[in-house]
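Heads up, the thing below is written out as C-alpha cells.
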Amino acid sequence: MVVTLVTSGLSTIMRRFCVACGACIGACPMASIRPVVVHGAASIDMKLEGCSNCNLCAEVCPVFDYFQTSDVKGLSKGGYLQLFMGNSCDRGIWVDAASGGLVTALASYLLEKGEIDGVLTLKMSGTEPFPFIAKDSVELKDARGSVYFTTFNLKVVNLLKDTSSKVAVVGLPCQINAVRKMIRQGVLEKDTVKYLFGLRCYHINSPWYMGYVLNRMLLTKKSRVVQITSRRHGWKGGINVECEDATYFVPLVFDWNSGIGLFNPMSLERLNAQRGCVICKDRDSANADITFAEAWFTEGKSLVVVRTKRGLDLVNRALAEGKIAVEPVQEQYLPHVIKGEDSAYECSERIANDVLEHGLLFSCKKHGGATVPMALPHMVLASPFMRKLLLPSIPPRALMRMIGFYSKFVNTYFCG
C-alpha cells in the first residue's frame, strides 16, 4: 500500500521544519510545490490536487534525517582525510571573497580544465537569492560571497535532468545531503554530480530577520531596496544594501556603536533560525567531498576539510598548478571546530532539539528546570505576535544586550 503524504503527515513535517533547501521542488515531477513564507518563516506550499503521491519530495527531504539520531555530527565524527587552511592565489577572488575564496578558486579550476560543465550555486538578484548553474569563471565570480538567508537552491536541479552535463554543487549541509538522496532516488544521474562542495553552517536566517535588519537596524524598507549583495569585502566583510537614495553596509559581526550586524546575540543563540535548522544534526557537511568553513583564528583564510579521495586529488592538483595556497592544519589547533562547542552551547542545543522534536513536557522531564528558561527566547521570537509586539519597540543594541545577558545568566545557572 502506498503511504501518501496526506495520510502519513509527512507534508506537515516538511512544512513545519523546512530548511529551504529546495530539494522537494526540484524533485517533484508534477511541479506541485513552491516556496512560500508562513508567519515569517520559509516553507513550502504543496498543491495536493496535482500530487501524484510518488513521495519523491519526502524521500529527498533532508529534514527526516534529523529525527533518526540524537547525535550531532562534528567534523571528527563525519570523517576526513586531511585538514588545510588557505586561500585563492587569484588576488581578485581572494580580496572580494567571504574568507579565502577557495570555493570559487577550485570550482573555476574545474571549469577551466573542462572536468565539469557548470557549478550549481547562487547569487543575489535584487533582494532575493537566484540559484543558477554558472557555466564559466566570469559567472562564477558573480556568485562569490556568502548568503545567510533562505535560498531554495535545489529547485533548479530540473535543469540537470535528462542532460549529459557534469556539475559541481556548492551547498549547505542540508543541500548536500539532499543531493545525495536525489542521486539515490534517481532524480539525478550519478554521473551528473562530479563534486560536492559543502559549507559549514550553524543555521539559515528566517525571512523575518531580513525585515528586522532593514527596518530596525538600517531604518529603511524593503520596498526601497534595489540590491542586496552577498557577503563580500574580504574578512570579516559584510553585505551592501543598495537603496534608491543611499547604500548601507551591514558588517558580518555586530557593531555595538551603530547597532548593525548580521552576527549578534540573537543569531548566535539561533533565535532567528529556521525551525529545521535548530534540530539539524550536521553542521559540517559531513557528506561532501570537501567542507569549507571560516577559519576564524586567522584573517582571510578558508578552512578546508577534505573528506574523499577525489576531493584530496582536486586540492593537490590545484595546489601544484598555483591556483590555491594551502597549508596543513593539525586537529589540536581547532578544538572549537573539531570537538564541538562549549558545554553551555551543547546544553542549549540539546534542549532546543528536544522541545521541537518531542515537546516542552518531554524536555522538562529530561532536562528539568533548564528547559523553560532555555526555550523561552526561542518561543518568544518564533511567535509572529510577539515579534510584532517587541521588535519595533526595542532598539537593536538594547535587544542584543538583553539577549546576551539573559543567555549568560541561563548558561551560568542552568547549564554551567
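Against the definition (part of a loop (DSSP other than H, G, I, E, B), surrounded by 18 or more Cβ atoms within 10 Å (Cβ to Cβ), at pLDDT below 95 and outside the structural domain of residue 36 (by TED's automatic domain parsing)), how does residue 296 come out, yes or no? Lay out the reasoning, then the answer.
Values: part of a loop (DSSP other than H, G, I, E, B): yes; surrounded by 18 or more Cβ atoms within 10 Å (Cβ to Cβ): no; at pLDDT below 95: yes; outside the structural domain of residue 36 (by TED's automatic domain parsing): yes.
So residue 296 fails the test.
Pick out the one residue from 290, 239, 260 that is of a type in the set (A, V, I, L, M) and assigned by TED's automatic domain parsing to the domain that holds residue 106. Lay out the reasoning, then the answer.
Working: 239 fails: assigned by TED's automatic domain parsing to the domain that holds residue 106; 260 fails: assigned by TED's automatic domain parsing to the domain that holds residue 106.
Of 290, 239, 260, the one residue that is of a type in the set (A, V, I, L, M) and assigned by TED's automatic domain parsing to the domain that holds residue 106 is 290.
For residue 357, all conditions in the list (1) surrounded by 17 or more Cβ atoms within 10 Å (Cβ to Cβ); (2) more than 18 Å from residue 205 (Cα to Cα) hold save one; what is the number of the exception?
Status for residue 357: all satisfied but (1).
Which pairs turn up if I take residues in the stretch 32-56 that are outside the structural domain of residue 184 (by TED's automatic domain parsing) and look for partners that are of a type in the set (Ser, Thr, Tyr) and in a strand (DSSP E or B) with beta carbon separation below 9 Å, at least 6 apart in sequence or on another chain?
35/43; 36/43; 37/43
Looking at the structure I just gave you, is residue 186 out of contact with any Pro (no Cβ under 7 Å at 6 or more places or on another chain) and crowded, with 23+ Cβ neighbours inside 10 Å? Please lay out each step first, then the result.
On the way: out of contact with any Pro (no Cβ under 7 Å at 6 or more places or on another chain): yes; crowded, with 23+ Cβ neighbours inside 10 Å: no.
Against the criterion (out of contact with any Pro (no Cβ under 7 Å at 6 or more places or on another chain) and crowded, with 23+ Cβ neighbours inside 10 Å), residue 186 does not qualify.
Just give me the residues in the stretch 121-167 being more than 20 Å from residue 111 (Cβ to Cβ) and either without any contact (Cβ under 8 Å) to a residue 40 or more places away in the chain or part of a strand (DSSP E or B) (or both), in sequence order. Working first, answer last.
Going through the stretch 121-167, the residues more than 20 Å from residue 111 (Cβ to Cβ) turn out to be 124-129, 146-152, 154-155, 158, 161-162.
Listed by number, the residues that qualify are 124, 125, 128, 129, 146, 149, 161, 162.
How many residues are within 27 Å of residue 209 (Cα to Cα) and in a loop (DSSP other than H, G, I, E, B) if we restrict to the stretch 21-71?
Count: 5.
Here are the criteria: (1) crowded, with 22+ Cβ neighbours inside 10 Å; (2) closer than 24 Å to residue 121 by Cα; (3) among the β-branched types (Val, Ile, Thr). Tell me which single one residue 226 does not satisfy.
The failed condition is (1).
Of the residues that make up the stretch 214-222, is at least one in contact (Cβ under 8 Å) with a residue 60 or more places away in the chain and within 22 Å of residue 122 (Cβ to Cβ)?
yes
The values are calculated or read from the model by the stated rules, or taken from the named source; none is laboratory data. Quick caveat, the model's predicted, so the values are computed rather than measured. Cβ atoms come from the backbone with ideal geometry, glycine included; neighbour counts cover every protein chain shown.
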